[in-house]
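A short worksheet on the structure shown next.
The values are calculated or read from the model by the stated rules, or taken from the named source; none is laboratory data. These figures come from a predicted structure and were not determined experimentally. Here Cβ is always computed from backbone atoms with ideal geometry, including for glycine, and neighbour counts include all displayed protein chains. Ligands, DNA and RNA are stripped out before the accessible areas are found, and what is left, the full protein with its side chains, is counted by its heavy atoms. Shrake-Rupley method; radii C 1.70, N 1.55, O 1.52, S 1.80 Å.
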Amino acid sequence: MHRGVYFDGWFSRQHCYHPSLPPRRLRMVDDLVDYRATVLVWASMGGGSLSLPYLEQEAFGELSARDRFYGFVNDSEFVAECHKHGIAVFGIVFEAQGWEFPVELDDDESTVLSLNELRGVGTRGWLGLREFSQNRYPRLWKPVEHYFPDGLVNSLGERVTDLIEECVARDIHQEPCHARWVECPDREHQCYYMDRNNPVWREYLKAVIRIQIDAGVDGIQLDEAELPMGAFQYGACFCKDCLRLFRDWLLAQPEAQRSPLLDGVDLTSFHYGEWLLAQGYDFKSDREHTPLFGEYYRAQCAAVKRHFAELADYARAYAESVGREVLVSGNFFNLDPSYLALADDVDLIITEMRNTTYRQPEWYRYVAAFAAHKDVVVVENPYGGVVPELVDLLSRGRGHDLFRLSLYEAAAFGASMTVPYGAWMGATIQDAFYAPHELATEVQGFIADHDHLYAKESWHEVAVVFSVASTRELIGRADASDNLANARDESVRVPYRVVTETLSGGGLPFDVVIFPDGETAPDRVSAESLVGYRTIVLPDCFDLTDRQVDALRECLDNGMTLVVTDRFGESLSAQRRSALLAHPGVRRGEADDIAALTPGGPQVTLSVPLGVNAHRLPEGVAVHLVNYDIDRDEHALRRTGEVTVSVRFDGAPADTLCEAVLHTPDAPEQTLHVRVEDGVRTVTLPDLGVYAVIELKGART
């Protein structure tokens with residue numbers, strides 16, 4: 001398991017300004033070594049969204065003797081120092097961000113006197129992508145032709161002289177969109193939401209990638225990987241390139257499959273925005289029911305896949321051309337199904353959770369399913385969750401158990417939660433998230449020392465299907481707020497969420513199995529991929545592909561049980577649906593009925609409520625236990641008292657898994673007595689704190 005660090009390095013008691021991260025120091029590397037870090041994300045060289053010359057200054061700029069006195073280094077030097085300790089550094093490409101900053105310059109415009117935070121000196125102006133593309137400050141920056149000798153030409157064959165005007169995402173009224181979640185409302189700077197569907201912007205991003213690779217990064221992290229679909233929240237995008245790709249998408253459809261709404265419409269000149277406005281739609285209110293939205297969504301998903309892969313392939317090819325290899329990842333924000341098709345193009349899954357809470361095992365099980373056999377690193381989100389509260393508690397010497405819980409829970413349920421190191425606190429809070437050094441060192445040390453107890457393969461009896469085609473719209477409605485609030489509409493019932501919350505709330509381990517729609521992401525579901533489960537739960541799976549139905553039918557014929565809740569198989573022919581439901585292995589149940597969801601009985605029974613996840617090891621199994629009993633007054637976890645745990649492992653011979661060792665962060669290892677009866681292993685544990693792992697192995701002698 002990777003031990004990641006969310007390494008923005010922003011300053012305490014100040015805004016977390018994008019896109020440029022604060023200068024790095026040698027002392028930071030010492031801290032990372034203490035944290036046993038293996039990978040840094042959001043870590044280096046973000047300034048390309050301001051300009052390429054600025055990015056080069058971040059990467060290779062000269063430092064003064066005064067800077068050196070305190071161990072400051074430029075970003076390429078910082079990367080090299082990390083390499084001495086086996087720490088991989090990802091360069092961050094803020095794909096959606098195009099910045100303009102207020103600046104104060106000397107009289108001949110050759111020196112920056114202040115930038116972003118102004119002092120009231122010199123000559124006032126603006127500094128950013130627009131000025132770079134116009135060669136506005138020749139005494140400050142190299143000309144754009146230094147990086148693009150032939151200039152930049154757009155899809156209409158026009159020479160580009162304003163990157164922002166050319167590449168910004170636009171709403172249905174052709175107004176430019178802003179990335180509001182990174183603009184500080186009490187500052188004058190402006191961040192425009194850029195559109196990767198524009199080929200000019202992709203060429204610019206490739207230049208950013210080249211500079212980062214030349215500076216030695218181990219990986220390229222493409223932030224806002226779903227670009228420009230994140231602009232849906234602003235009623236976008238209707239720029240010329242998005243309109244063109246949608247027009248081409250519709251023209252490529254067989255006429256018989258085309259929406260009847262387009263009967264009589266000349267698609268060669270079709271303008272989706274004007275067509276919607278003429279019917280009274282603004283692409284903001286009730287967007288999911290806007291005419292042709294489903295087609296537009298699928299067209300954008302295809303473009304996201306195509307253009308993300310283009311940049312990922314370019315990064316690898318450029319690195320190879322200079323004798324290097326690099327990893328590629330993105331920001332798979334909350335792992336929405338629209339990201340599924342991108343998983344094939346990355347080496348590591350990096351995700352920024354939408355809502356950070358003190359209990360979310362069911363979300364981590366989805367994360368593990370999404371990542372499959374790839375490593376996954378998670379960072380917290382300051383919007384719509386507990387992070388501001390936790391930061392405040394830690395600043396007052398409280399909440400240490402809550403921080404421990406956030407990291408141990410992720411590790412227990414199949415992911416790696418990063419240690420925050422000056423991590424983002426949003427655009428309104430003037431602070432950064434630093435965990436107490438000794439606390440972070442303690443947690444990371446335990447995880448590192450017990451790395452052998454973490455695995456990507458589980459030993460669970462129950463799998464819950466996440467059907468993309470069936471669940472996508474409901475989750476879209478429940479999570480419809482913008483990313484400044486990240487609110488959830490609890491009035492929208494999502495059966496998948498009800499099922500997974502019911503199981504995790506009952507302390508029952510489960511896997512998630514993702515059923516893609518076969519169009520926005522490839523459908524690879526097979527009976528072989530479902531082997532090993534007693535029960536598969538299908539919550540509201542009304543839209544299934546033929547391939548998925550064939551796999552489920554084969555599972556039934558092999559003795560597996562299917563539990564169906566809510567709607568089922570409405571996309572199938574009536575005959576095929578009836579035949580499947582009539583199979584003796586199919587059960588009907590309510591999404592919140594834990595007994596109905598586990599017809600074979602519970603795999604785990606506990607004398608005390610705990611979260612449970614079983615990692616299958618090469619020579620045994622590790623049962624991870626997470627305590628969620630939070631004392632809200634003390635902001636700490638209540639200890640459990642003695643705990644009895646009984647677990648069933650299908651397929652394990654009765655004379656195996658008979659030796660048990662208890663691993664906890666707050667006590668020495670302890671050997672436990674194992675009682676085996678009817679295939680169930682039972683152990684009794686002493687008083688537990690936040691987290692514990694039971695390692696079962698060995699054979700009876």
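A compact table of results
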read-out	value
Dipole moment magnitude, nearest 20 debye, the stretch 230-302 about Cα centre, only Lys, Arg, Asp, Glu C-beta charged	200
Charge-dipole axis of the chain as Lys and Arg at +1 and Asp and Glu at -1 on Cβ define it, positive-most pick from 253, 343, 292	343
Length released on extending from residue 310 to residue 570, taking residue separation times 0.36 nm less the Cα-Cα span	89.9 nm
Fraction of accessible area attributable to carbon and sulfur, the chain (%, probe 1.4 Å)	48
FRET E, pair residue 554, residue 654, Förster distance 22 Å, beta-carbon r, rounded to 0.05	0.15
Cα point-scatterer Debye curve for the stretch 250-355, base-10 log of I(q)/I(0) at q = 0.14, 0.18 Å⁻¹	-0.76, -0.97
Proximal aspartates and glutamates to residue 284, defined as alpha-carbon separation beneath 13 angstrom and excluding residues fewer than eight positions away on the same chain	171, 482
Exposure of residue 165 as accessible area (Å², to 10), given a probe of 1.4 Å and all protein chains	110
Compactness of the stretch 588-639 as Cα Rg over 2.2 N^0.38 Å, two decimals	1.54
The chain: antiparallel DSSP beta bridges as a percent of all, rounded to 5	60
Linear extension gain, residue 596 paired with residue 279, 0.36 nm per residue minus alpha-carbon span	109.4 nm
Gap separating the Cα centres of the stretch 380-442 and the stretch 181-215, nearest whole Å	27
Relative contact order %, the chain, counting alpha carbon pairs below 8 Å whose residues are six or more apart	11
Principal axis box of the chain, alpha-carbon based, largest edge first, Å	85, 72, 50
Built amide H within the under 5 Å cut-off of residue 348, gap 5+	328
Reciprocal mean inverse distance between Cα atoms of the stretch 133-282 - Kirkwood radius, Å	17.8
Measure of compaction for the stretch 80-174 (Cα Rg per 2.2 N^0.38 Å)	1.39
Rounded FRET efficiency, nearest 0.05, which uses the C-beta distance separating residue 126 from residue 34 and R0 of 41 Å	0.50
Inter-part distance where the stretch 141-163 and the stretch 322-354 are each reduced to a Cα centre, Å	29
Solvent-accessible ranking of 406, 529, largest area first, probe 1.4 Å	529, 406
Expected 222 nm ellipticity per residue - DSSP helices of 4 or more, -39500 (n - 2.57), all of the chain, to 500	-8500 deg cm²/dmol
Within straight-line cross-link reach of residue 697, aspartates and glutamates at Cα separation under 12 Å, skipping those fewer than 8 residues along the same chain	619, 655, 659
For the stretch 312-465, the spread of Cα positions along each principal axis, largest first, Å	50, 43, 32
Those lysines that a straight Cα-Cα span of less than 21 Å connects to residue 142, excepting residues fewer than 8 apart in one chain	206
For the stretch 269-275, 3J(HN,Hα) per residue [Karplus equation, 6.51 cos²θ - 1.76 cosθ + 1.60, θ = phi - 60°, Hz, x = Gly/Pro]	10, 5, 10, 4, x, 5, 4
Distance cut-off 15 Å, percentage of C-alpha pairs in the stretch 404-481 lying past it	72
Convex hull (Cα only) mean projected area of the stretch 279-328, reported in nm² to one decimal	4.7
Residue-by-residue Karplus 3J(HN,Hα) for the stretch 511-517, coefficients 6.51, -1.76, 1.60, Hz, glycine and proline x	9, 9, 10, 8, 9, x, 7
Rg in Å to one decimal, and Dmax rounded to a whole Å, for the stretch 637-701 via C-alpha atoms	12.4, 39
Heavy-atom SASA rank of 1, 194 (probe 1.4 Å, accessible area, largest first)	1, 194
Kirkwood hydrodynamic radius of the stretch 1-120, Cα pairs, Å	15.5
Convex hull volume per residue for the stretch 219-302, taking Cα atoms only, in Å³	110
Coarse-grained scattering of the stretch 602-681 at q = 0.11, 0.17 Å⁻¹, given as base-10 log I(q)/I(0) from a Debye sum over alpha-carbon atoms	-0.34, -0.77
log₁₀ of I(q)/I(0) at q = 0.19, 0.23, 0.31 Å⁻¹ - the stretch 114-162, Debye sum with one point per alpha carbon	-0.70, -0.88, -1.22
The chain - charge dipole about Cα centre, Lys and Arg +1 at Cβ, Asp and Glu -1, debye rounded to 20	720
Rg [Å, one decimal], Dmax [Å, integer] - the stretch 506-614, C-alpha atoms	14.6, 47
Per residue solvent-accessible surface (Å²) - the chain, probe of 1.4 Å	39
Residue-wise HN-Hα coupling along the stretch 54-66, computed from phi with Karplus coefficients 6.51, -1.76, 1.60 (Hz; x: Gly, Pro)	5, 4, 5, 5, 4, 6, 10, x, 6, 10, 7, 4, 5
Accessible area (Å², 1.4 Å probe, nearest 10) - residue 544	10
